[in-house]
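Participant: First the structure, then my questions, so here it is.
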Amino acid sequence: MPVSDFELVEAWGQVLALSGVRAGQTVTVLTSSDTNAQTMRTAILAAQARGAIVNRLDLLPVNGGTSLSRDPLAFVGTTPLTGNRAALELLKASDLVLDLMTLLFSAEQHEILAAGGRILLAVEPPEILLRMVPTEADRQKVLAASKVLRAAREMHVTSAAGTDVRFTLGDYPILEEYGFCERPGRWDHWPSGFLATWSNEGTAQGRIVLDRGDILLPQKSYVRDPVTFTIRDGYVTEIEGGLDADLLKGYMESFNDPEVYAISHVGWGLQDRAHWSVLGLYDREATIGMDSRACAGNFLWSTGPNNEAGGTRDTACHIDIPMRNCTVMLDGNAVVRDGKLVNATEGGQ
Ligand SMILES: [Fe+2]
């Protein structure tokens with residue numbers, strides 16, 4: 001359902017206030033051909049209302065003829081900033097970049113952050129943004145859970161459907177997504193509300209079984225029959241099942257890159273305003289599926305790149321796989337049990 005410009009300006013106002021935007025700072029709105037016009041218009045108004053110097057940088061799309069999907073997360077690595085020094089310098093000189101294009105998983109994103117810039121990605125449609133306007137309480141919830149994750153050395157995930165997989169942790173940073181960027185060098189995504197980290201290279205072992213109703217992204221589909229992933233030494237070595245498994249295998253094979261089978265980030269959702277049913281209510285091209293990524297009590301794992309975490313794997317294929325009804329244990333203590341947060345306030349135990 002549509003939202004008014006006033007509502008979205010107010011929402012941006014809250015996001016920008018939480019991000020510490022004040023008079024005299026430079027906010028650059030990064031756009032491309034798929035950018036939502038209302039989101040862009042209201043972002044500019046809200047940033048101006050806070051006294052910021054506002055730029056708009058519109059870049060031409062790339063990868064359209066290579067990717068099999070229109071989803072901005074379906075083909076990652078090269079972006080309109082690749083080799084585009086002039087654009088990059090503008091973004092690096094900005095206090096805050098509002099990324100309405102999708103600059104995820106790129107060397108250029110790292111360069112901007114390393115220069116002390118902040119980047120907030122916001123590409124979901126306006127009504128989803130409005131439903132999940134971030135709050136300080138969201139931040140506190142994610143940070144509390146992050147403390148538990150940071151101390152853990154092993155994640156063990158099980159499910160009644162047959163999942164039994166272990167990840168050794170500690171070599172990679174923790175991705176705390178709560179929807180705003182209050183300090184230099186921080187990247188975040190509105191809407192969100194989840195935690196992720198990357199298992200140590202070569203350590204993921206076991207089996208993951210998707211049950212009916214679990215989600216594949218960027219396919220943006222609920223699987224209809226179980227899909228079983230065998231995981232050995234940090235890589236998916238076998239994918240078995242029915243039609244969903246066949247289609248996924250074909251899609252991953254199309255990249256012709258053995259690194260697409262590597263395990264990428266693992267974590268769980270903490271956002272009560274995200275809902276599992278939303279994906280079934282939208283056309284595939286209208287959303288990138290943040291409800292399923294952030295849904296409280298999910299287990300979210302993925303395949304492909306780890307350059308977002310400072311690793312060197314930059315494969316173009318990235319599959320996010322949110323699952324319901326899993327139990328996620330950190331060093332033997334459940335933070336999610338049967339798809340429900342064990343202690344939403346404390347983030348676990
Ligand atoms: Fe991901």
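The values are calculated or read from the model by the stated rules, or taken from the named source; none is laboratory data. This is a predicted model, so every value here is computed, not measured. Note that each Cβ is placed from the backbone with ideal geometry, even for glycine, and that neighbours are counted across all protein chains shown. Just so you know, the surface numbers come from the protein's heavy atoms only, side chains and all, with ligands and any DNA or RNA stripped out. Shrake-Rupley method; radii C 1.70, N 1.55, O 1.52, S 1.80 Å.
Participant: Checking the structure you have, find out if any residue of the stretch 271-281 is assigned to a strand (DSSP E or B) and either touching a strand residue (DSSP E or B) at 6+ places or on another chain (Cβ under 6 Å) or within 16 Å of the ligand (Cβ to nearest atom) (or both). Before you say what the answer is, go through the steps one by one.
Facilitator: Here is the first cut: in the stretch 271-281, the ones assigned to a strand (DSSP E or B) are 271.
Filter again for either touching a strand residue (DSSP E or B) at 6+ places or on another chain (Cβ under 6 Å) or within 16 Å of the ligand (Cβ to nearest atom) (or both), leaving 271.
Yes - at least one qualifying residue is present in the stretch 271-281.
Participant: Among all residue pairs at least 6 apart or on different chains, which show Cβ distances below 7 Å where the first residue, located in the stretch 13-29, is crowded, with 19+ Cβ neighbours inside 10 Å and the second is polar (S, T, N, Q) and assigned to a loop (DSSP other than H, G, I, E, B)?
Facilitator: Sorted first by the residue in the stretch 13-29, then by its partner, the pairs are VAL27/SER94; THR28/SER94.
Participant: Can you give me the ranges of the helices (runs of 4 or more DSSP H) entirely in the stretch 1-117 with at least 1 residues that are within 29 Å of SER264 (Cα to Cα)? Write out each step before concluding.
Facilitator: On the way: elements: 5-18, 37-49, 85-92, 107-114.
By residue number, 5-18, 85-92, 107-114.
Participant: Ok, one more. What are the residues in the stretch 280-338 that are among the β-branched types (Val, Ile, Thr), open to solvent by less than 20 Å² (accessible area, probe 1.4 Å) and more than 19 Å from PRO218 (Cα to Cα), if any? Explain how you work it out, then say what you get.
Facilitator: To start, the set of residues in the stretch 280-338 that are among the β-branched types (Val, Ile, Thr) comprises 287-288, 303, 312, 315, 319, 321, 327-328, 335-336.
Imposing the further condition that a residue be open to solvent by less than 20 Å² (accessible area, probe 1.4 Å) reduces the set to 287-288, 303, 315, 319, 321, 327-328, 335-336.
Correct list: THR327, VAL328, VAL335, VAL336.
Yes/no per residue for (1) under 20 Å from MET323 (Cα atoms); (2) polar (S, T, N, Q); (3) within 16 Å of the ligand (Cβ to nearest atom):
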{"site": "ARG183", "(1), (2), (3)": "no, no, no"}
{"site": "ALA204", "(1), (2), (3)": "yes, no, yes"}
{"site": "ILE208", "(1), (2), (3)": "yes, no, yes"}
{"site": "ILE215", "(1), (2), (3)": "yes, no, yes"}
{"site": "ASP225", "(1), (2), (3)": "yes, no, no"}
{"site": "GLU238", "(1), (2), (3)": "yes, no, no"}
{"site": "GLU253", "(1), (2), (3)": "no, no, no"}
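Participant: Separate question: Taking the stretch 187-213, which residues are more than 13 Å from the chain's Cα centre (by Cα), surrounded by 24 or more Cβ atoms within 10 Å (Cβ to Cβ) and more than 23 Å from PHE75 (Cβ to Cβ)?
Facilitator: Those that are more than 13 Å from the chain's Cα centre (by Cα), surrounded by 24 or more Cβ atoms within 10 Å (Cβ to Cβ) and more than 23 Å from PHE75 (Cβ to Cβ): SER199, ALA204, ILE208.
Participant: I would also like to ask the following. Restricted to the stretch 317-339, and to residues that are under 19 Å from ILE288 (Cα atoms) and in contact with a helix residue (DSSP H, G or I) (Cβ under 8 Å, 6 or more places away or on another chain), which residue is nearest to the ligand (Cβ to nearest atom)? Write out each step before concluding.
Facilitator: Taking the stretch 317-339 as the starting set, the residues that turn out to be under 19 Å from ILE288 (Cα atoms) are 317-324.
Now drop any that are not in contact with a helix residue (DSSP H, G or I) (Cβ under 8 Å, 6 or more places away or on another chain), which leaves 317, 319-320, 322, 324.
Working: CYS317: 11, ILE319: 8, ASP320: 4, PRO322: 10, ARG324: 17 Å.
Within the stretch 317-339, the match that is nearest to the ligand (Cβ to nearest atom) is ASP320.
Participant: Another question, then. Which residues, taken from the stretch 187-216, are part of a strand (DSSP E or B), out of contact with any helix residue (DSSP H, G or I) (no Cβ under 7 Å at 6 or more places or on another chain) and not polar (S, T, N, Q)?
Facilitator: So the first thing to find is which residues in the stretch 187-216 are part of a strand (DSSP E or B), and the list is 187-189, 194-198, 205-210, 215-216.
Cutting the leftovers down to out of contact with any helix residue (DSSP H, G or I) (no Cβ under 7 Å at 6 or more places or on another chain) gives us 188-189, 196, 205-210.
If the condition is that a residue be part of a strand (DSSP E or B), out of contact with any helix residue (DSSP H, G or I) (no Cβ under 7 Å at 6 or more places or on another chain) and not polar (S, T, N, Q), then ASP188, HIS189, ALA196, GLY206, ARG207, ILE208, VAL209, LEU210 are the ones that fit.
Conditions (1) farther than 22 Å from ASP291 by Cα; (2) not assigned by the TED database to the domain that holds VAL27; (3) not polar (S, T, N, Q), marked per residue:
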| residue | (1), (2), (3) |
| --- | --- |
| THR78 | yes, no, no |
| ALA86 | yes, no, yes |
| GLU89 | yes, no, yes |
| LEU96 | yes, no, yes |
| PHE105 | no, no, yes |
| HIS110 | yes, no, yes |
| ASP138 | no, yes, yes |
| SER146 | no, yes, no |
| ALA152 | yes, yes, yes |
